[in-house]
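What follows is a single structure, written as structure tokens, with notes after it.
We did not get these values from a lab; they are worked out from the coordinates using the rules stated. If you're wondering where the values come from, they're calculated on a predicted model, not measured in any experiment. FYI the Cβ positions are ideal-geometry reconstructions off the backbone, even for glycines, and counts take in every protein chain you see.
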Amino acid sequence: MEVSDVRRRLRGAIEEARRHAADRRTRTDEATRAWRQLLPDVIVPAFQVTQSALTGEGHRFTVSTPGETARLTPERSAHDFVEMALDTARDVPAVMIRSTRGRGRHTVSAERIVREGGAIAALTEEDAVGALLEELIPLIER
């Protein structure tokens with residue numbers, strides 16, 4: 001194999017990597033803009049409505065917004081929580097829902113995608129509440 005052939009292929013690979021990085025930055029910027037609008041307008045209200053409903057059923061939770069996330073935490077345990085956040089470390093940015101709960105000395109964590117890519121901007125309050133309720137079941141079944 002000739003050095004010139006390897007260099008030509010290497011230049012092609014470098015150019016492809018640059019295009020991929022530019023596309024990824026564009027996707028991340030779009031998702032970040034959508035998330036910054038969704039967080040105060042859709043996500044936090046969904047968490048507050050859920051908190052109010054939980055209180056009505058005798059389950060005391062608090063809503064907080066650490067950083068660029070929304071978090072629902074039971075008052076009896078600051079280590080347990082359910083949160084929704086934008087994950088831009090992925091190739092395709094995604095809104096993730098994460099939960100952490102303690103079982104004795106063990107901590108159980110779960111994470112799943114709620115929406116990703118261009119679908120992030122279409123996330124509704126109903127979608128957020130639905131995802132939140134699915135993750136809350138283990139915290140309230142005790």
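For VAL114, the residues 5 or more places off, or on other chains, whose built amide H falls under 5 Å of its own are VAL95, MET96, ILE97.
In degrees, nearest 10, range 0 to 90: what is the angle between the Cα axis of helix 125-140 and the longest Cα principal axis of the chain? The answer is roughly 60 degrees. Normalising the average separation of contacting C-alpha pairs (under 8 angstrom, six or more residues apart) by the number of residues puts the relative contact order of the range 3-140 at 21 percent.
Subtracting the Cα-Cα distance of ASP41 and ALA110 from 0.36 nm times their residue separation leaves 22.3 nm of extension gain.
Of the beta bridges DSSP finds with both residues in the range 3-140, what % are antiparallel, to the nearest 5?
Bridges in the range 3-140 that DSSP calls antiparallel: roughly 100 percent.
Taken one residue at a time, the phi angles of the range 77-82 give Karplus couplings (6.51, -1.76, 1.60, θ = phi - 60°) of 8, 6, 8, 8, 6, 10 Hz. Gly and Pro are set to x.
Find which of GLN37, THR69, ILE137 sits farthest along the positive direction of the dipole of the chain, computed with +1 on the beta-carbon of Lys and Arg, -1 on that of Asp and Glu, about the Cα centre. Checking the options against the dipole of the chain, the answer is THR69. Backbone N atoms of the range 101-139 closer than 17 Å to the 7 Å Cα→Cβ label point of VAL92 belong to residues 112-123.
Charge tally around ALA110: other residues with Cβ under 13 Å, Lys/Arg +1 each, Asp/Glu -1 each, net -1.
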